[in-house]
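Visitor: Could you have a look at this structure, given as structure tokens, before my questions?
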Amino acid sequence: MKSTLILLTLAFVSTCFAVSAATPAKPNVILLMSDDQGWGDVGFNGNKNLQTPHLDAMAAEGVRFDRFYASAPLCSPTRGSCLTGRYPFRFGVLAAHTAGMRVGEITIAEMLKDKGYRTGFFGKWHLGWVKESDAGSRGFYSPPSQHGFDTHFATTSAVPTWNPTVTPADWTSWGYKPGQPWKGGAPYVQDGVEVTHNMAGDDSRVIMDRVIPFIEANQARPFFATVWFHAPHEPVVAGEAYRKRYSKHGNARQNLYGCITAMDEQIGRLRARLDELGLSESTAVFFCSDNGPADNLTKKGVASAGPFKGYKHTMYEGGLLVPACAVWPNVIPPGTTTNIRCSTLDFFPTIAGIVDFEFGSKDKRPIDGMDLMKVIRGKVNQRPSDLFFGYRRLHGDIDGQAIIAGDWKLLREAKPDGRVRLYDLATDPYEQHDLAIEKPDQLRQMSKRLQEIDAECQRSRDGADYRY
């Protein structure tokens, strides 16, 4: 059944692409990412209660990725994989607040800047501190400006998804100022300077208010915009108007759904402005989440990983599979879907293919992703490389690892359990039947491959990929 679905999808893609083969030489690129949005927390994956009309339209007008994986079940490692195309264990960002992006890594922004692009970052960075004077023991100073971004409006980590619209005298009653984080850290910083104006209200709107001027200022040249929303990461707060849309639900779901709808509205605003500027057909827009839904909200039945087992911080499918889609008029055929396993690792090689980028001899290094355009064009019917996941807290034991090779998945749970499980995702996509005992040969093969990739990543972390 699965093979039939793939063949039908690829046949549809190939037919449509025959009239959609013209690719702009230097298209604009926008990477959108939500934070802790589960696979089931979007309309285009079947949620009937949550209003995401603009994301649903984006998926319908382009490609919907039905099996799209974050590179880790938590934010920072996944974010690094988006920009580098590499397993997080290669570049050493193994969990949140534990490191920063190394300057030896080559990012999409650096790649495109060398191609004449204007580059901008907006939202939650979480790959190192964005303001040098704020840097503390949890990670090191490593702002977007060190990694190819010409300009940035960024936070080091999380801020509330809604900021109070009260006067400064009342901020203390909320426990934070508009735009400031909720557990210490640093507020929004624009190119090294703390931002204090236009910070109240919906945080997705606050971010988009900086994105659109960047696009307007650079519409005459190719640009790359990375837009990483805070929604719906805790503290999950929605404005009253958005909460009212879900008045039949409980308080937690009103806030979760409300802030996702508010983010969706800003994505619609972005796409409308691209249309007004005549930039839609020359702009590729990608969207995904950074990991599965927050565990506390999932356990309460508020957030959703859809039919998949697990949530954020777990190596089960629910912690790794995320909603994802892309739109590029006249290049990506509308109504395209694929259940080929794709990943945040794939953004780098996809964009490299679009702009015809190749590493120089001194910069060559392992890239773990694949070109998504080959999937969309029907040139790939299964993933050619393994998917490897893992995370480890600072100075701690590995909190879990997993590998997917073909349809086989080996999963090692976090300590103190540390149990190894084996699943055949072709017949058991919801991970109900552990085959570790029944399939000892497959278990040994997958365990060996996991050890090989882990050792290879250790060599990368030790500097094998960097040439100076």
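The values are calculated or read from the model by the stated rules, or taken from the named source; none is laboratory data. In this text the structure is predicted, and so the values were computed from the model without any measurement. Positions of Cβ are backbone-derived with ideal geometry, glycine not excepted, and every protein chain shown enters the neighbour counts. Side chains are part of the model used for accessible areas, which takes the heavy atoms of the whole protein and leaves out ligands, DNA and RNA. Shrake-Rupley method; radii C 1.70, N 1.55, O 1.52, S 1.80 Å.
Visitor: Of all residues in the range 275-301, how many are surrounded by 22 or more Cβ atoms within 10 Å (Cβ to Cβ) and farther than 13 Å from His233 by Cα? Break it down stepwise before answering.
Guide: Applying the first criterion (surrounded by 22 or more Cβ atoms within 10 Å (Cβ to Cβ)) to the range 275-301 yields 283-294, 297-298.
The next check asks that each one be farther than 13 Å from His233 by Cα; those that pass are 283-288.
The total comes to 6.
Visitor: Can you spot a residue in the range 54-72 that is assigned to a strand (DSSP E or B) and small (Gly, Ala, Ser)? If you could, list the steps in order and put the result at the bottom.
Guide: Taking the range 54-72 as the starting set, the residues that turn out to be assigned to a strand (DSSP E or B) are 63-65, 68-69.
Now restrict to residues that are small (Gly, Ala, Ser): none.
No, the range 54-72 has no match at all.
Visitor: Within the range 251-266, does at least one residue satisfy the condition of being touching a helix residue (DSSP H, G or I) at 6+ places or on another chain (Cβ under 8 Å), charged (D, E, K, R) and at pLDDT 95 or above?
Guide: Taking every residue of the range 251-266 in turn, at least one turns out to be touching a helix residue (DSSP H, G or I) at 6+ places or on another chain (Cβ under 8 Å), charged (D, E, K, R) and at pLDDT 95 or above.
Visitor: May I ask you to verify whether Gly123 is at positive phi, surrounded by fewer than 21 Cβ atoms within 10 Å (Cβ to Cβ) and either modelled with pLDDT of 95 or more or not in a loop (DSSP other than H, G, I, E, B) (or both)? Can you show your working first?
Guide: On the way: at positive phi: yes; surrounded by fewer than 21 Cβ atoms within 10 Å (Cβ to Cβ): no; either modelled with pLDDT of 95 or more or not in a loop (DSSP other than H, G, I, E, B) (or both): yes.
For Gly123, the condition - at positive phi, surrounded by fewer than 21 Cβ atoms within 10 Å (Cβ to Cβ) and either modelled with pLDDT of 95 or more or not in a loop (DSSP other than H, G, I, E, B) (or both) - is not met.
Visitor: Just one of Arg243, Arg253 is without any contact (Cβ under 8 Å) to a residue 24 or more places away in the chain and part of a helix (DSSP H, G or I); which is it? Even if it seems obvious, please write down each step before you answer.
Guide: Working: Arg253 fails: without any contact (Cβ under 8 Å) to a residue 24 or more places away in the chain.
Residue meeting the stated conditions: Arg243.
Visitor: Test Ile367 against the criterion of being within 21 Å of Ala70 (Cα to Cα), part of a loop (DSSP other than H, G, I, E, B), in contact (Cβ under 8 Å) with a residue 12 or more places away in the chain and in contact with a helix residue (DSSP H, G or I) (Cβ under 7 Å, 6 or more places away or on another chain), and give yes or no.
Guide: Values: within 21 Å of Ala70 (Cα to Cα): yes; part of a loop (DSSP other than H, G, I, E, B): yes; in contact (Cβ under 8 Å) with a residue 12 or more places away in the chain: yes; in contact with a helix residue (DSSP H, G or I) (Cβ under 7 Å, 6 or more places away or on another chain): yes.
Spelling it out, Ile367 is indeed within 21 Å of Ala70 (Cα to Cα), part of a loop (DSSP other than H, G, I, E, B), in contact (Cβ under 8 Å) with a residue 12 or more places away in the chain and in contact with a helix residue (DSSP H, G or I) (Cβ under 7 Å, 6 or more places away or on another chain).
Visitor: Identify all residues within the range 432-448 that are touching a Leu at 6+ places or on another chain (Cβ under 8 Å) and within 22 Å of Arg341 (Cα to Cα); write none if there are none.
Guide: If we filter the range 432-448 for residues that are touching a Leu at 6+ places or on another chain (Cβ under 8 Å), which is where we start, we get 434-436, 439, 442-443, 446-447.
Residues satisfying the conditions are Asp434, Leu435, Gln442, Leu443, Met446, Ser447.
Visitor: Which of the residues that make up the range 105-120 are part of a loop (DSSP other than H, G, I, E, B) and either of a type in the set (Phe, Trp, Tyr) or open to solvent by less than 10 Å² (accessible area, probe 1.4 Å) (or both)?
Guide: Let us first name the residues in the range 105-120 that are part of a loop (DSSP other than H, G, I, E, B), namely 105-107, 114-117.
Hits for the range 105-120 are Glu105, Thr107, Tyr117.
Visitor: Quick check on Val236: is it crowded, with 24+ Cβ neighbours inside 10 Å, closer than 21 Å to Asn49 by Cα and among the β-branched types (Val, Ile, Thr)?
Guide: Numbers: crowded, with 24+ Cβ neighbours inside 10 Å: yes; closer than 21 Å to Asn49 by Cα: yes; among the β-branched types (Val, Ile, Thr): yes.
Yes.
Visitor: So Arg383 ticks every box in (1) open to solvent by 60 Å² or more (accessible area, probe 1.4 Å); (2) part of a loop (DSSP other than H, G, I, E, B); (3) of a type in the set (Lys, Arg) but one. Which box is left unticked?
Guide: In the conditions (1) open to solvent by 60 Å² or more (accessible area, probe 1.4 Å); (2) part of a loop (DSSP other than H, G, I, E, B); (3) of a type in the set (Lys, Arg), Arg383 misses (1) alone.
Visitor: Against the conditions (1) at negative phi; (2) modelled with pLDDT of 95 or more; (3) over 20 Å from the mean Cα position of the chain (by Cα), where does Gly278 fall short? Just the number, please.
Guide: With (1) at negative phi; (2) modelled with pLDDT of 95 or more; (3) over 20 Å from the mean Cα position of the chain (by Cα) applied to Gly278, the lone miss is (1).
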